[in-house]
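Asker: To start, I am sharing the structure in question, which I have written as structure tokens.
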Amino acid sequence: MYKIAILASGSGSNARKIIEHFANSSVGQVSLVITNRKSAGVLDHAADFSIPTKYFFKDVWSQNPEEILETLREYQIDFIVLAGFLLKLPELLVDHYPNRVVNIHPALLPKYGGKGMYGHHVHEAVKAAGESESGMTIHFVNHHYDEGGIIFQAKVSISPEDSAEAIQKKVLALEHTHYPAVIEETLAKLGE
């Protein structure tokens with residue numbers, strides 16, 4: 001069984017869906033939640049399921065990623081899932097987990113990706129461009145923002161009347177539906 005670490009910065013709604021999904025999985029289990037914010041809502045979700053948590057302040061991520069890698073090794077983590085994690089993952093971690101780090105992006109990459117394109121910024125850009133559809137992308141993490149290999153995409157129709165908030169709700173529903181299952185499928189392929 002693969003041991004998963006979830007990295008999250010915010011409320012953790014995707015993290016909760018993943019934790020719930022893997023509570024009954026024979027493929028993987030969430031063994032650790034890591035955050036860069038002491039007040040992140042994801043910590044409450046981890047507590048609900050008695051999952052250990054670790055907090056590393058921002059400077060550790062950029063100046064001492066070895067400390068984070070040591071924690072991942074201590075918990076024997078096999079796979080990393082980013083779920084609303086707002087820092088760029090250190091190259092050291094990406095290199096130690098090749099094709100074993102996944103992220104979810106609230107748009108159809110390669111559109112609306114890159115540095116600064118997260119959360120409401122993405123949905124506002126989609127709205128401003130007058131797109132007729134949006135969606136979400138699950139991808140592997142490499143050394144560049146939102147440029148890793150695409151694993152899965154799902155689309156949703158949007159209308160000119162939709163606000164950025166309405167677009168966000170539609171995309172989040174796709175994320176909650178697909179992210180846990182796609183992670184499990186990706187883990188299952190590791191064993192092939």
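The values are calculated or read from the model by the stated rules, or taken from the named source; none is laboratory data. Predicted model only: the values in this text are computed from it and were never measured. Every residue, glycine as well, gets a Cβ built from its backbone with ideal geometry; the counts of neighbours run over all protein chains shown.
Asker: Please verify whether D162 is under 14 Å from the mean Cα position of the chain (by Cα), farther than 24 Å from V27 by Cβ and of a type in the set (D, E), treating the condition exactly as stated.
Answerer: Numbers: under 14 Å from the mean Cα position of the chain (by Cα): no; farther than 24 Å from V27 by Cβ: yes; of a type in the set (D, E): yes.
Taking the combined requirement at face value, the residue does not satisfy it.
Asker: I would also like to ask the following. Can you confirm whether segment 50-70 contains a residue that is of a type in the set (D, E, K, R), over 14 Å from the mean Cα position of the chain (by Cα) and at pLDDT below 95?
Answerer: For segment 50-70, residues of a type in the set (D, E, K, R), over 14 Å from the mean Cα position of the chain (by Cα) and at pLDDT below 95: present.
Asker: Another question, then. Which is at pLDDT below 95 and of a type outside the set (S, T, N, Q), of K88, K111?
Answerer: Step by step, each of K88, K111 is checked, and only K88 is at pLDDT below 95 and of a type outside the set (S, T, N, Q).
Asker: In addition: Can you pull out the residues in segment 137-147 that are crowded, with 19+ Cβ neighbours inside 10 Å and either among the acidic types (D, E) or more than 15 Å from V81 (Cα to Cα) (or both)?
Answerer: D146 - this is the single residue of segment 137-147 that is crowded, with 19+ Cβ neighbours inside 10 Å and either among the acidic types (D, E) or more than 15 Å from V81 (Cα to Cα) (or both).
Asker: Right, next: Which members of segment 100-118 meet the condition of being surrounded by fewer than 21 Cβ atoms within 10 Å (Cβ to Cβ), without any contact (Cβ under 8 Å) to a residue 24 or more places away in the chain and at positive phi?
Answerer: Hit for segment 100-118 is G116, nothing else.
Asker: Search segment 153-176 for residues that are more than 14 Å from G119 (Cβ to Cβ) and pair each with any residue that is among the aliphatic types (A, V, I, L, M) and assigned to a strand (DSSP E or B) when their beta-carbon atoms are under 8 Å apart and the residues are at least 6 apart or on different chains.
Answerer: Q153/M136; Q153/I138; A154/M136; K170/V156; A173/V156; L174/M136; L174/A154; L174/V156
Asker: Same structure, new question: Is there a residue being surrounded by fewer than 17 Cβ atoms within 10 Å (Cβ to Cβ), basic (K, R) and out of contact with any strand residue (DSSP E or B) (no Cβ under 7 Å at 6 or more places or on another chain) anywhere in segment 55-67?
Answerer: Yes - at least one qualifying residue is present in segment 55-67.
Asker: Would you tally the residues in segment 1-18 being part of a loop (DSSP other than H, G, I, E, B) and within 15 Å of L87 (Cβ to Cβ)?
Answerer: 2
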